[in-house]
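Enquirer: Let me give you the structure first, and then I'll get to my questions.
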Amino acid sequence: MPRDLTVILHHRPGTLADAAQALGRAHINIEGACGFSVGGDGILHVLVEDAAAARAAIEGAGLEVRDDREVVVLEDLPHEPGTLGTALRKIADANVNLDLMYIRRDGAVVLSGTDLEGLRQASSRSRT
């Protein structure tokens, strides 16, 4: 089951490369990722299959894994205008709040929030 790791990167050249190379050396494939800067630090969300091994690799490179969490992946949304909005509206109408969204390398949508069961139920309705 894919999991999202939140990695803290110091805002200096090379920390993103350090994280990616650490995963590569551990033979861990990055299934999806997004990154941004907040308050002087870089935040990297990385989607991996083996969270324990990925955590060990990243921490072994001297980087901090701040969170490890389960996600819901919308794998079968058609690649057409409006389908993401429709899926997200159904999730919102189920009163489920999202706090993470990014696109996996194959185009699937990665989502997470505090109510994972509600998210699973609402996202399964969004595909029908």
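The values are calculated or read from the model by the stated rules, or taken from the named source; none is laboratory data. Computed from a predicted model, the values in this text were never measured in an experiment. Methodologically, a virtual Cβ is constructed for each residue, glycine included, from the backbone with ideal geometry; neighbour enumeration extends over all protein chains shown.
Enquirer: Can you tell me which of (1) of a type in the set (Val, Ile, Thr); (2) in the same structural domain as Ala20 (by TED's automatic domain parsing); (3) in contact (Cβ under 8 Å) with a residue 24 or more places away in the chain is the one Val38 doesn't meet?
Expert: It is condition (3) that Val38 fails.
Enquirer: From the set of residues in segment 1-44 that are of a type in the set (D, E, K, R) and modelled with pLDDT of 95 or more, which is nearest to Leu63 (Cα to Cα)?
Expert: The selected residue is Asp18.
Enquirer: Here's a check for you: in segment 114-125, which residue that is crowded, with 17+ Cβ neighbours inside 10 Å and in contact with a strand residue (DSSP E or B) (Cβ under 7 Å, 6 or more places away or on another chain) is farthest from Arg69 (Cα to Cα)?
Expert: Only one residue tops the list, namely Ser123.
Enquirer: Name the residues in segment 64-89 that are buried (at least 18 other Cβ atoms within 10 Å of the Cβ) and farther than 18 Å from Arg104 by Cβ, would you?
Expert: Val65
Enquirer: Now a separate question. Mind listing whichever residues of segment 70-108 are of a type in the set (Gly, Ala, Ser) and part of a loop (DSSP other than H, G, I, E, B)?
Expert: Gly82, Ala94, Gly107, Ala108
Enquirer: Among the residues of segment 50-87 satisfying the criterion of being without any contact (Cβ under 8 Å) to a residue 24 or more places away in the chain and under 19 Å from the mean Cα position of the chain (by Cα), which is farthest from Gln21 (Cα to Cα)?
Expert: Taking segment 50-87 first, the residues without any contact (Cβ under 8 Å) to a residue 24 or more places away in the chain are 50, 52, 59, 78, 80-83, 85.
Of the ones still in play, those that are also under 19 Å from the mean Cα position of the chain (by Cα) are 50, 52, 59, 85.
Details: Asp50: 16, Ala52: 17, Glu59: 12, Gly85: 35 Å.
Step by step, filter segment 50-87, then rank; the result is Gly85.
Enquirer: Considering only segment 18-31, state which residues are surrounded by 12 or more Cβ atoms within 10 Å (Cβ to Cβ) and assigned to a helix (DSSP H, G or I). Steps first, answer last, please.
Expert: So the first thing to find is which residues in segment 18-31 are surrounded by 12 or more Cβ atoms within 10 Å (Cβ to Cβ), and the list is 18-24, 26, 28-31.
Result: Asp18, Ala19, Ala20, Gln21, Ala22, Leu23, Gly24.
Enquirer: Being touching a helix residue (DSSP H, G or I) at 6+ places or on another chain (Cβ under 6 Å) and either buried (at least 18 other Cβ atoms within 10 Å of the Cβ) or of a type in the set (Phe, Trp, Tyr) (or both) is the filter here, so list the residues in segment 90-107 that pass it.
Expert: Correct list: Ile91, Val96.
Enquirer: For the list (1) in contact with an Asp or Glu (Cβ under 8 Å, 6 or more places away or on another chain); (2) free of Cβ contacts under 8 Å to residues at least 60 places away in the same chain; (3) buried (at least 16 other Cβ atoms within 10 Å of the Cβ), I need the number of the one condition that Val110 fails.
Expert: The single condition Val110 does not satisfy is (2).
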